[in-house]
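One structure is given below, encoded as structure tokens.
The values are calculated or read from the model by the stated rules, or taken from the named source; none is laboratory data. None of the values given here were measured: they were computed from a predicted structure. Glycine gets a Cβ as well: all are built from the backbone with ideal geometry, and neighbour counts include every protein chain shown.
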Amino acid sequence: MQTEASAPGYTQLGPTDWIAYTALPYTMLRFGQSKHSTATILCPGSFLPINHSVWRRYTFKDICLLPLQSMNKEILRLALPNIISNISVPLLSTVDTALMGRLSEMHLGAVGVGAMIFNFVYWNFGFLRMGTTGITAQAFGKNDQSEIVLTMSRAFLVAMVLAFLVIVLQRPIGELSFYLMNISEAQYGLVEEYYAIRIWAAPATLALFAMMGWFFGMQNAIYPLILTITINGVNILLSYLLVKQYGLGVAGVAWGTVIAQYAGLLMGLFLFWKKYRDYLQHYSQKATVEIKALSKYLSINRDIFIRTFCLTFAFGFFYSQSATGGEMILAVNVILLQFLNWMSYGVDGFAYASESLVGKYKGANDSSNLKQAIRLSFVWGMVLAALFSAAYLFFGEQFLHIFTDKDSLIAASRPYLFWMILFPIISTPCYIWDGIYIGLTASRAMRQTMLMAVMIYVIVYFILRDQFSNHGLWAALLIFMAARGLIQWVWYRSKLEGII
């Protein structure tokens, strides 16, 4: 309880003003029998204003629940655009899979492997988004406008350096990737064609990572939604036209991706200029490359890089082992991973919301709202996970027909559908924990927990491989996801919860 005079940001309220006035981290309520009451109470958190005319409709219980309702609304405000945005990403891979699946198993496997190569390359640079989100969100919570814009400039600087290296080193990166993915001779030419075209999207792709992370940190989920819909809409349209109308096959899918990435970058620059150009007055080239600040940025992102490398290794290992089972098993697993993509990108909406909110409240030193954001992010994430599991339970076989019209491929996929039902419930906690750790900029903890989970994954696979074959591979991947969530929970309870 505080007095009115001590409330941060307090403004005198007249008899016709709102009776709830937000002054973070407190909210002041004027209450009583009439609209002229002068009694006040200050509560942790912020929530929607209540007008005098409707004040008497609210019970004491309603008032107590207002902060909770507000946090739910804040989570949904950030999560729902992210969910829509994220679901459009697997929609793109779904269209590519459907286009290639109607040509041949070889084309389908080639695009799946080629896309995984770029996932492996680009996901390793995912720190450009994740690290930028956490640092920007904390600067936003502190209202440090200089650090906000400098974080963006450092992220762009690192993105352009990395893109240059990817372009220069494209041949050795490609040759190593082809070797590690166990590509068959029949598929080699198709995968090589896809790779040689798509590599030129690197500058736009990495710049977009930085830009999206910065928008998330600024608590803006609408601009990433606009960018993702723009990119994927252009990509789907061009891929369809180039493959179906012009018969370019694998090359058509690759060119669609390249052009779409640059279209998205142009849209992102336009959106930044439209809303955030005033921040540029705080930009300093000297401060951007200042050694101490740049080293801190790179240190956080180094740990996230290692964590992400382990994650991409896990999925690269999955694809590699799938390829050893032959073209049919590879095609089956490429299709079934689309189920995981739909689930993960949906749940990631709440993970992204937790990144933004946890970072903001950490920057504002608001422990109460920070912990509430963590709890409610888990609640919403698990609700969505249950919906995905139910959808896969009742409509799993119908979903297979979206990806291919080949009866042999559908028949080969059926025995593995029950894994798709288990994955959402068991793997969702690790996605939410990732968002929390990013918001806390607990990059070392992310690295350590991922290293332990990957070790468990590889050991379990080799134990199960000989007896259970492809089922053993799916079981190992599921145990990997479960281990990530469990280890992250233990680490948080033992090393992080007491210091936030």
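Tabulated data for the structure shown
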item	result
Meets criteria (surrounded by 20 or more Cβ atoms within 10 Å (Cβ to Cβ), modelled with pLDDT under 80 and either of a type in the set (V, I, T) or not in a loop (DSSP other than H, G, I, E, B) (or both)) for V54	no
Residue in segment 254-264 that is among the hydrophobic types (A, V, I, L, M, F, W, C), surrounded by 15 or more Cβ atoms within 10 Å (Cβ to Cβ), at pLDDT below 90 and under 21 Å from E193 (Cα atoms) present	yes
Members of segment 289-342 that are in contact with a helix residue (DSSP H, G or I) (Cβ under 9 Å, 6 or more places away or on another chain), more than 26 Å from A442 (Cβ to Cβ) and among the small types (G, A, S)	S320, S322, A323, G325, A331
Every residue from segment 301-324 that is assigned to a helix (DSSP H, G or I) and polar (S, T, N, Q)	N301, T308, T312, S320, Q321, S322
Qualifying residue in segment 221-236 (condition: closer than 30 Å to A139 by Cα and outside any helix (DSSP H, G or I))	yes
Residue satisfying condition, being free of Cβ contacts under 8 Å to residues at least 60 places away in the same chain and under 30 Å from G109 (Cβ atoms), within set S408, S344, S389	S389
Check on L242, part of a helix (DSSP H, G or I) and surrounded by fewer than 18 Cβ atoms within 10 Å (Cβ to Cβ)	no
Lone unmet requirement of (1) buried (at least 23 other Cβ atoms within 10 Å of the Cβ); (2) more than 24 Å from the chain's Cα centre (by Cα); (3) closer than 30 Å to G141 by Cβ for S494	(1)
Close pairs from segment 115-126: first in the same structural domain as Q261 (by TED's automatic domain parsing) and over 19 Å from G252 (Cα atoms), partner part of a helix (DSSP H, G or I) and hydroxyl-bearing (S, T, Y), Cβ under 6 Å, at least 6 apart	F120/T312; Y122/T205; W123/T308; W123/T312; N124/T308; N124/T312; G126/T308
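Residues checked against (1) under 15 Å from the mean Cα position of the chain (by Cα); (2) under 17 Å from N301 (Cα atoms); (3) at pLDDT below 95:
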{"site": "A201", "(1), (2), (3)": "no, no, yes"}
{"site": "F209", "(1), (2), (3)": "yes, yes, yes"}
{"site": "G213", "(1), (2), (3)": "yes, yes, yes"}
{"site": "A221", "(1), (2), (3)": "yes, no, yes"}
{"site": "P224", "(1), (2), (3)": "yes, no, yes"}
{"site": "T230", "(1), (2), (3)": "no, no, yes"}
{"site": "V234", "(1), (2), (3)": "no, no, yes"}
{"site": "L237", "(1), (2), (3)": "no, no, yes"}
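Okay, residues lined up against (1) of a type in the set (V, I, T); (2) modelled with pLDDT of 75 or more:
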| position | (1), (2) |
| --- | --- |
| I75 | yes, yes |
| P81 | no, yes |
| L91 | no, no |
| T94 | yes, no |
| A98 | no, no |
| G101 | no, no |
| L108 | no, no |
| A115 | no, yes |
| G126 | no, yes |
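Yes or no, residue by residue, for (1) closer than 30 Å to V111 by Cα; (2) free of Cβ contacts under 8 Å to residues at least 60 places away in the same chain; (3) touching a Lys or Arg at 6+ places or on another chain (Cβ under 9 Å); (4) outside the structural domain of G256 (by TED's automatic domain parsing):
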position	(1), (2), (3), (4)
Q145	no, no, no, no
F156	yes, yes, no, no
V161	yes, yes, no, no
L169	yes, yes, no, no
P172	yes, yes, no, no
L176	yes, yes, no, no
Y179	yes, yes, no, no
S184	yes, no, no, no
Y188	yes, yes, no, no
